[in-house]
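Here the structure comes first, spelled out in structure tokens, and everything after it is commentary.
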Amino acid sequence: MSKSYCLAEIADLIGCEVDSRWQDRRITGLAPLETANMEQVSFISHSKYKKYLATTKAAAVITPAETARCVNADTAVLIYPDPYLAYAKLTHLFAYRTPSIAGIHPSAVIDKSAKIAHSASIGAQVVVEEGVVIGENVIVGPGCVIGAHSTIGDDSYCYARVTLYHHTQVGKRAILHSGVVLGADGFGFAPEKGQWVKIEQLGCVLIGDDVEIGANTTVDRGALGDTIIHNGVKLDNQIQIGHNVKIGQGTAIAGCTAVAGSTTIGRHCRIAGLVGIAGHLEITDGVVILGMSGVSKSILEPGIYASGIPLESRESWARNVIQFKHLNELAKRVNQLEKREQSDE
Amino acid sequence: MSKSYCLAEIADLIGCEVDSRWQDRRITGLAPLETANMEQVSFISHSKYKKYLATTKAAAVITPAETARCVNADTAVLIYPDPYLAYAKLTHLFAYRTPSIAGIHPSAVIDKSAKIAHSASIGAQVVVEEGVVIGENVIVGPGCVIGAHSTIGDDSYCYARVTLYHHTQVGKRAILHSGVVLGADGFGFAPEKGQWVKIEQLGCVLIGDDVEIGANTTVDRGALGDTIIHNGVKLDNQIQIGHNVKIGQGTAIAGCTAVAGSTTIGRHCRIAGLVGIAGHLEITDGVVILGMSGVSKSILEPGIYASGIPLESRESWARNVIQFKHLNELAKRVNQLEKREQSDE
Amino acid sequence: MSKSYCLAEIADLIGCEVDSRWQDRRITGLAPLETANMEQVSFISHSKYKKYLATTKAAAVITPAETARCVNADTAVLIYPDPYLAYAKLTHLFAYRTPSIAGIHPSAVIDKSAKIAHSASIGAQVVVEEGVVIGENVIVGPGCVIGAHSTIGDDSYCYARVTLYHHTQVGKRAILHSGVVLGADGFGFAPEKGQWVKIEQLGCVLIGDDVEIGANTTVDRGALGDTIIHNGVKLDNQIQIGHNVKIGQGTAIAGCTAVAGSTTIGRHCRIAGLVGIAGHLEITDGVVILGMSGVSKSILEPGIYASGIPLESRESWARNVIQFKHLNELAKRVNQLEKREQSDE
């Protein structure tokens, strides 16, 4: 974590100009306005932080034109309309990557039928089963298991201990974090005389390009047909995606959300954490769902949806929650009051 | 995935008859009515799909007698009262299994005291600790860790990267998916002067026969006494089962549900996803719990239970949810109205 | 699991006295009052179990002075004010530890730059990357991956298949259960023309001393700055901790709870299972949150908080829940009734 760049390079990367007196400043990292030091670049992500511009010790601040004049005289100014986006781009300069060398670690167990690009790096203790195809520049971290006939597209990165079941397809530039399991059986059983008969899951998991999947997230294979995660989808940690779910391009889902089988989620949705989505639903493009919501019906209109309950002190909650069980009765009593009032008139 | 059967074999397996003119049809798979082709068998799982029977291109359709006459003339008819069950049974014909050979992969690390049946297959990078017993035809997938003195019954299948802590017992024909952890410590601490004193978890995890456990599900070992999952229980992905929980025969639990310590769940219950069940409860046989419910008291009567909240647009939700905090007050005000009304009369 | 102690040793460990006629009793384990046998010690954890004291077959019972006279004549009495704490301490006598020997298993892959204490035990199939430092008496179980430049403090225990990403710091006497992932990327993206630009996560994960982390729990690395779990924190299974979260000393969190990014949780909080805590909040010291609560605002006062909904039969629930969507309207109608009533007077 000891890379450094001159400020001119930084400005160049995000496509903005920097005054000549500042362009040789040596930059070693990024930091928030309050804590940034003379070798760090900062940015203003929200106007409520404007007050810090006068006092920040940052080497440079990325700011929209409106707040540029608030920056103190010792700090360089990089004018950019979306400082948060600029920050996102700059993080790529400073990211640490565990060194990896092309080739197969001697401890890895690779089936002889697997096709692995010469530029790919297969880590220690990895298992690659028969018929697997691994593309250019792919990194397969330590302890991963790549199941039979799976494919991983160019430039994808599997962190340690990722598991792909057989016939899983992962696109290009995917990032799969540790503990991810793609292609385990969907949850399907038919009852027969008090026993469950297993429904073998005959479909696969297809993951598009530029997909990122967080630690310990699971995506089940399809029952008939496939589970499909389209290009650019971002899944956080510990998400559960049921069999035959489809998730449209660019949708992002936060941690611990569960999507039951055969539900289709549209493009460019944003779904918060701990949301539960029932099976066999359709959620259209551009839907936003707030945290801990329960979705039991299809959502056919874009918009923002919620169903959470507010936190209260236990005493207050206990008094209110008990009324919840009488809500229907309460509504009836109000009806009665209204009726009797009317008949009195 | 290129097995094929003639239709007579298919009919035989589910125990129904097929007209002689159709019995030689070559079947390579299963598919829904709308997408099935001339080499696939389909089935009608719900009467709402009856309309597709006239137009399906399937080689054959499994249907109850009532809808048999709706099937088009080019499609063979297999009459069976429960087509979904027939479908479940047929999936077993077409399931892919990664080839495994009996014996121990050279990269596996096996304690010399372990007893492993000759017909068992121990995969690459596996670790088997001291005193382990593994039965006939068991498959232990790549990267599994089987802790000391654990046992796995005949015909069980551990997918890649399953972990059994020490002294875990798994029955026959169990299926454990990747990332499953059986026997980690239950969450037990006693407070002492602002510190937590760990309660060592001295019990074990006992898993019955014909149990399936989904990816990244965790079952904790008992504190005193054992955590017990009885025969035929089916657990989906990312379920958390606390210490000393007992789950009765044939119960099925969907993804991301959490069961806290010392709760007993009866037989043949069906519990949906993202349900939270508090500790030290008793749930009787035959209970059904809908998704995202919170269970904080014992359930002593069979039946269907729920506690979820419906999704709304954010605007509508915000207006309603704010009233939730005034629900007790609202009930009181209705009481007052009723009282004053009565005293007016 | 065949250790034994004489009762005098047991009494000594918890610091209480035992009558001389009982002190030679051989003790092989601990058990609840109802099931304990003549070689087991039991304890009374709650006065509701007082009835069992007369009939227990236990070799000895730990009891506060008040209930000591209820114990039958064949059972030894150990008087201790907090029997549950005594029980917690005694569990340490009987805990099983898989035998481990100092040194590095031949199948482990260790970077030559790693510094591993001679007393540490590195298990089979482990991967230790460059620059790692592992302290005295540390046990790294089978299949763990310790990422580059991570450190693990003295006397810590990693069960099988724990993953530390690069630059993760774990303190002394930590216990990390199987499937734990520390240091995966936080969930951060900036939108640009309908695409997500990844925000590389430049911070780390810092875990204090005496921390226990349950199976399949994930703690993300910080975006800028670090995610910090302070000394003595206890995390149960399948918890998700977002980037830049801070959790104060001695706080305990139960299974499946999710804490979104940049939230700070104080010291000595107790948070139950399946709780969702939104991002960028502050929760002060000493807060208790009941199960399945949703926390969307900061909590600045210690106390007990809740937001769960009670379970009902489906019929009753359906009637009540439908009214939830009309709650604001209902409140308005009650307002109207009150107003009209007033204007009538």
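The values are calculated or read from the model by the stated rules, or taken from the named source; none is laboratory data. Everything quoted here is computed from the prediction, not taken from an experiment. Cβ placement follows ideal geometry from the backbone for every residue including glycine, while neighbour counts extend to all protein chains displayed.
Listed by first and then second residue, the pairs with beta-carbon distance under 8 Å, at least 6 apart or on different chains, first residue in region B:267-278 and in contact (Cβ under 8 Å) with a residue 24 or more places away in the chain, second part of a loop (DSSP other than H, G, I, E, B) and of a type in the set (S, T, N, Q), are B:267/B:249; B:267/B:251; B:273/B:257. Taking the criterion of being at positive phi and either crowded, with 24+ Cβ neighbours inside 10 Å or not assigned by TED's automatic domain parsing to the domain that holds residue B:155 (or both), the only residue of region B:221-240 that qualifies is B:238. When the test is whether a residue is surrounded by fewer than 24 Cβ atoms within 10 Å (Cβ to Cβ), in contact with a Pro (Cβ under 8 Å, 6 or more places away or on another chain) and more than 9 Å from chain C (Cβ to nearest Cβ), residue A:263 does not pass it.
Residues of region C:289-315 that are more than 7 Å from chain A (Cβ to nearest Cβ), closer than 28 Å to residue B:300 by Cβ and surrounded by fewer than 20 Cβ atoms within 10 Å (Cβ to Cβ): C:313, C:314, C:315. Can you tell me which residue in region B:266-279 is surrounded by the most Cβ atoms within 10 Å (Cβ to Cβ), limited to those that are within 11 Å of chain C (Cβ to nearest Cβ) and assigned to a loop (DSSP other than H, G, I, E, B)? Across region B:266-279, the extreme among qualifying residues is B:274.
Out of curiosity, is residue B:223 within 21 Å of residue B:168 (Cα to Cα), small (Gly, Ala, Ser) and at the interface with chain C (Cβ under 9 Å from one of its Cβ atoms)? I'd like the intermediate steps shown before the answer.
Values: within 21 Å of residue B:168 (Cα to Cα): yes; small (Gly, Ala, Ser): yes; at the interface with chain C (Cβ under 9 Å from one of its Cβ atoms): yes.
Yes: the conditions hold for residue B:223.
Scanning region B:1-27 for residues that are touching a residue at least 60 places away in the same chain (Cβ under 8 Å) and β-branched (Val, Ile, Thr), we see that the one that is surrounded by the most Cβ atoms within 10 Å (Cβ to Cβ) is B:10.
Within this structure, residue A:258 fails the test of being of a type in the set (A, V, I, L, M) and either within 9 Å of chain C (Cβ to nearest Cβ) or more than 27 Å from residue C:220 (Cα to Cα) (or both).
Scanning region A:143-201 for residues that are among the acidic types (Asp, Glu), within 9 Å of chain B (Cβ to nearest Cβ) and free of Cβ contacts under 8 Å to residues at least 24 places away in the same chain yields A:192, A:200. For residue A:249, state whether it is within 10 Å of another protein chain (Cβ to nearest Cβ), closer than 20 Å to residue A:186 by Cβ and polar (S, T, N, Q). Here the answer is no, as residue A:249 does not meet what is asked.
For region A:136-220, give me every one of the strands (runs of 3 or more DSSP E) that falls completely inside it and has 2 or more residues that are out of contact with any Gly (no Cβ under 9 Å at 6 or more places or on another chain), in the same structural domain as residue A:114 (by TED's automatic domain parsing) and farther than 16 Å from residue A:114 by Cα.
Where strands (runs of 3 or more DSSP E) fall fully within region A:136-220 and carry at least 2 residues being out of contact with any Gly (no Cβ under 9 Å at 6 or more places or on another chain), in the same structural domain as residue A:114 (by TED's automatic domain parsing) and farther than 16 Å from residue A:114 by Cα, they are A:189-192.
Residue-by-condition table, conditions (1) among the polar types (S, T, N, Q); (2) at pLDDT 95 or above; (3) out of contact with any strand residue (DSSP E or B) (no Cβ under 6 Å at 6 or more places or on another chain):
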{"position": "B:16", "(1), (2), (3)": "no, no, no"}
{"position": "B:23", "(1), (2), (3)": "yes, no, yes"}
{"position": "B:36", "(1), (2), (3)": "no, yes, no"}
{"position": "B:41", "(1), (2), (3)": "no, yes, no"}
{"position": "B:47", "(1), (2), (3)": "yes, no, yes"}
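For region A:110-124, the set of residues classified as farther than 17 Å from residue A:149 by Cα and either touching a helix residue (DSSP H, G or I) at 6+ places or on another chain (Cβ under 7 Å) or assigned to a strand (DSSP E or B) (or both) consists of A:121 only.
Looking only at residues of region C:86-127 that are in contact (Cβ under 8 Å) with a residue 40 or more places away in the chain and aliphatic (A, V, I, L, M), we find that the one that is nearest to residue A:160 (Cα to Cα) is C:93. Report yes if some residue within region C:103-121 is in the same structural domain as residue C:172 (by TED's automatic domain parsing), touching a Cys at 6+ places or on another chain (Cβ under 8 Å) and over 24 Å from residue A:101 (Cβ atoms); otherwise report no. Checking region C:103-121: not a single residue is in the same structural domain as residue C:172 (by TED's automatic domain parsing), touching a Cys at 6+ places or on another chain (Cβ under 8 Å) and over 24 Å from residue A:101 (Cβ atoms).
Residues in region A:229-253 that are touching a Cys at 6+ places or on another chain (Cβ under 9 Å) and either outside any loop (DSSP other than H, G, I, E, B) or modelled with pLDDT under 95 (or both): A:240, A:247, A:252, A:253. A residue that is within 27 Å of residue A:295 (Cβ to Cβ) and either within 36 Å of the chain's Cα centre (by Cα) or assigned by TED's automatic domain parsing to the domain that holds residue B:251 (or both) cannot be found anywhere in region B:325-337.
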